[in-house]
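Working notes for the structure below.
The values are calculated or read from the model by the stated rules, or taken from the named source; none is laboratory data. None of the values given here were measured: they were computed from a predicted structure. Virtual Cβ from ideal backbone geometry, glycine too; neighbours counted across all protein chains shown. The protein model used for the area step is the full one, side chains on, heavy atoms only, and it has no ligands, DNA or RNA in it. Shrake-Rupley method; radii C 1.70, N 1.55, O 1.52, S 1.80 Å.
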Amino acid sequence: MSDRVLRLVNVGKTFGRHRALADVSLAFVPGEVAAVLGPNGAGKSTLLGLLSTLAQPSQGRITLGDAELSRRSPLRASIGYVGHEPGVYGDLSARQNLRLFASLYGLANAELRIAEMLARVGLDGVPREAAARTFSRGMLQRLALARALLPAPEILLFDEPGSALDPAGAAWLAGELQREREAGRLVVLVTHDLAATAAIATHIVVLRRGRVAYDETCGGYSADEVRAIYEEATRGKA
Amino acid sequence: MLSRMPSARGSRVRFLVGLLLTMHGFFVAPWLVANAPLEKTMGIVQKIFYFHVPCAWLLMLSTFVCAGGSLAYLFAGSERGDRLALCSAELGVLFGLCVMVTGPLWARAAWGVFWTWDVRLTSSLLLWLMLIAYGLARRYGGAGGRRLAAAMALFAAADVPLVYISVNLWRGLHPNTRTVSSLAPGMRLPFFFSLAIFSALWGVLLALRMRAEHSQTRLVELAIVIEDAEGKSP
Amino acid sequence: MARRSWIAQAARIAWKDLHIEGRSREVVYTMGFMAALVVLVFSFAFISGQEDAVGPDAVAGILWVAVLFSGTVALSRTFDRERESEAIRSLLLSPVPRSAIYAGKLAATAAIMLLVELLLAPLLTALFSAAIWPHALWLGLLLLLGTIGFASVGVIFSAALLRARSRDALLGALLFPIVIPVLLAASRATAYLLDPTAPDLDPALFWTRFLAALDVVFVVVGLWSFEPVVMGE
């Protein structure tokens, strides 16, 4: 795994008359699970969009190691993204979806890798031809994770990953994130779930009205600590 | 990051230019047009030509300026280019309306029908429709609307010669395209004077409209600054 | 990592769309039905009295109007598949050049439209006894060129409209003014080919070439502008 740091320097983002992010400077290092917290409209999803290269900052810059992340950057191949929506084709089966993306990423030994990923997310048992449209939300979320992990990206981005999962699924996902972190990847997740955050996060960022209100790295938070941090950082008028 | 403040001197210059333009547009041009020789077959009706042709020319100019601005916006991220594209598209719709009103008037008097599928009239109509569609894309196109509109402007500009050729051959007519160079000598001065006045009017309107857009952007920036100041000291 | 060629990647994306369509056949059926309806609606509107035939001009016009309207249906449905569950985001995040995505979507859309058009042409012969067989290959070429011209603009617009609320209503309104030259060239050429009394086919040849030139212009502008248009702000 590479040890490139993902860095944001004075990043701002405006949409027309609305400023979503202002003057955000952060550094994410490999081997950490960074949780981005904040009330609705604080700019969390916008931040994730910028990190995924699908949106461009209005001000400031985002770099991965020495290279700047931009819309055209080939670096996007080293970023895995799991959003609210699974980002797969409902008319294709799980395997066909993964085959498509394996081929677009130019993976060697694709079939082996696909089988490995399906087994890992627990979808190896589903009927081969079943279209993803017939999957439950939880299964789709697993497929989305398999899709994101397929090219073994350096950075994994998650937008409220647990929202579609039942408690068992959420626990499973937390285990997977832990495993990716231990493998030296950087995991950035946006979430509302403070308790789940406490279990896995090693770096907490709280956004409030588009600005960084809290940014600390430290291993193992307790649920109460996370709640206290969150409440302290988002206090005042929303 | 704040935009430049519009200067007071700038507004005085604009006032003078506007005054000058008004005088020439309202007094000199009509006088010249009224004193131009009458066209032999069409008579007084031909005078609408001094109004119609400059508008058609500005419709075309607007399309290309809009495409130029869109190009700068799409490929260089220029907000100024985007404003230029928007404002010129709006002016294109306005002058296009003049073309669409004066064209049929002329057609009625000259050929007895309100509309003919004449190549220049039809091409103007299509250009005008494209600029209206540009406005629709911007207003109702959602999050991708601005970019979509910019792409439309590029396609519209690429379309201009294609539309002209295809409409021309579609009708199987080969009308004389050298109307201007075949103008009687006495008509040239009023025609080119009208053309210049209309172009200047277009330029001034464009500058004013751009300034309004610019002010609006600046207002938003200021609102954000105020919001930030409040945000920092809760 | 083995880098694949641009063409192979575009083909992979096109194949994905065709594969999905092969499974559901939704677009072909709905678009085909729509196209047949347009033809029938025109028949009811145009044919009167004892006269059973309409002239080659009208047949050509009906064919291309049907292509335009049903093509809009095909475009909005193939892009719905990208929008559902945000698959387009995964596509844009992959390291494939965005122009290859454009080319792939264009190829797939054009292929689906052509399939429907190939069924539509015999329908026209049956209804209006149009003479499509003397120049069947040429007509096929015209359908190909006209469809590419239409889809090259349509793919860009549909992609940009993915996040617009009124995308279905807007697509036609924005697309038709731009593709009028395509309609003109294609329907004129078709009319000459369908006319058994036409003295010579020079005009059809001219329009076919013109259509090909138009396609080149539109596809070049499309390849070039897809990436800035489709990316978020």
**Report entry** Length-normalised contact order of chain C in % [C-alpha pairs under 8 Å, at least 6 apart]
**Finding:** 27 percent
Requested in this report: Search the structure for amide H atoms under 5 Å from the amide H of A:ALA213, placed 1.01 Å from N in the peptide plane, and list their residues when 5 or more places away or on another chain.
Outcome: A:VAL206, A:LEU207, A:ARG208
Query raised in the report: Looking at the stretch A:82-163, which trypsin sites (Lys or Arg not before Pro) are in a loop (DSSP not H, G, I, E or B) and have at most 12 other Cβ atoms within 10 Å?
Result: A:ARG128
Report summary line: When chain C is treated as a Gaussian network with springs between alpha carbons less than 10 Å apart, the largest mean-square fluctuation among C:GLU21, C:GLU84, C:GLU117 is found at C:GLU84
Query raised in the report: When the dipole is taken about the Cα centre of chain A, and only Lys, Arg (+1) and Asp, Glu (-1) are charged at their Cβ, what size is it in debye, to the nearest 20?
Result: 840 debye
Query - Rel. contact order, % - alpha carbon contacts under 8 angstrom, at least six apart, chain A - result: 28 percent
Report summary line: Using alpha carbon centers only, the stretch C:28-49 is separated from the stretch A:1-66 by a whole-angstrom value of 53 Å
Report summary line: Once phi for every residue in the stretch A:16-28 is put through the Karplus expression 6.51 cos²θ - 1.76 cosθ + 1.60 (θ = phi - 60°), the whole-Hz ³J(HN,Hα) values, with Gly and Pro written as x, are x, 8, 10, 9, 8, 9, 9, 6, 8, 10, 9, 9, 10
Requested in this report: Among B:LEU206, B:LEU125, B:LEU16, determine the one that fluctuates most according to a GNM of chain B built with springs between C-alpha atoms less than 10 Å apart.
Outcome: B:LEU16
Query raised in the report: Which value at 222 nm does chain A reach when only helices count, each DSSP H run of 4 or more adding -39,500 (n - 2.57), with the total divided by all residues and rounded to the nearest 500 deg cm²/dmol?
Result: -10000 deg cm²/dmol
Report summary line: In order over the stretch C:14-26: 3J(HN,Hα) from phi, Karplus 6.51/-1.76/1.60, θ = phi - 60°, whole Hz, x for each Gly or Pro, gives 5, 4, 4, 5, 5, 5, 4, 5, x, 6, 9, 6, 5
Query - Over chain B: helical MRE at 222 nm, DSSP H runs n ≥ 4 each giving -39500 (n - 2.57), nearest 500 - result: -27500 deg cm²/dmol
Query raised in the report: Exactly which GluC sites (Glu not before Pro) in the stretch A:92-166 are in a DSSP loop and have at most 14 other Cβ atoms within 10 Å?
Result: A:GLU129
Report summary line: At the level of C-alpha centres, the distance separating the stretch C:78-137 and the stretch C:193-225, in angstrom, is 19 Å
Report summary line: In the neighbourhood of B:LEU86 defined by beta carbon distances under 10 Å, the net charge of the other residues (Lys, Arg +1; Asp, Glu -1) is +1
Report summary line: Mean per-residue count of partner chain Cβ within 10 Å for C:156-166 equals 6
Requested in this report: Identify unpaired cysteines across chain B, taking unpaired to mean no other cysteine Cβ lies under 4.7 Å from the residue's Cβ.
Outcome: B:CYS66, B:CYS87
Report summary line: Each residue of A:96-103 has, on average, a number of other protein chain C-beta atoms within 10 Å of its C-beta equal to 4
Report summary line: Connecting every pair of Cα atoms under 10 Å apart in chain A and solving the GNM, the largest mean-square fluctuation among A:SER73, A:SER25, A:SER52 falls on A:SER73
Report summary line: Result: in the protein assembly as shown the number of Lys pairs with C-alpha under 25 Å apart, spaced 8 or more or on different chains, is 7
Query raised in the report: Which whole-Hz couplings ³J(HN,Hα) result when phi for each residue of the stretch A:149-155 is put into the Karplus expression 6.51 cos²θ - 1.76 cosθ + 1.60, θ = phi - 60°, listed in order with x for Gly and Pro?
Result: 7, 3, x, 6, x, 6, 10
Requested in this report: For the stretch B:139-166 and the stretch A:176-238, write down the distance between their C-alpha centroids in whole Å.
Outcome: 45 Å
Report task. Using a 1.4 Å probe over the heavy atoms of the protein chains, calculate the carbon and sulfur portion of the accessible area of chain C as a whole percent. Result -> 68 percent
Query raised in the report: Rounded to the nearest 500, what is chain C's calculated 222 nm mean residue ellipticity when only DSSP H runs of at least 4 contribute -39500 (n - 2.57) each, over all residues?
Result: -28500 deg cm²/dmol
**Report entry** Highest-first arrangement of B:185-197, A:211-223, where packing means the average Cβ count within 10 Å
**Finding:** B:185-197, A:211-223
Requested in this report: Ignore the peptide's own chain and count Cβ atoms of other chains within 10 Å of each Cβ in A:126-135; give me the average, rounded.
Outcome: 1
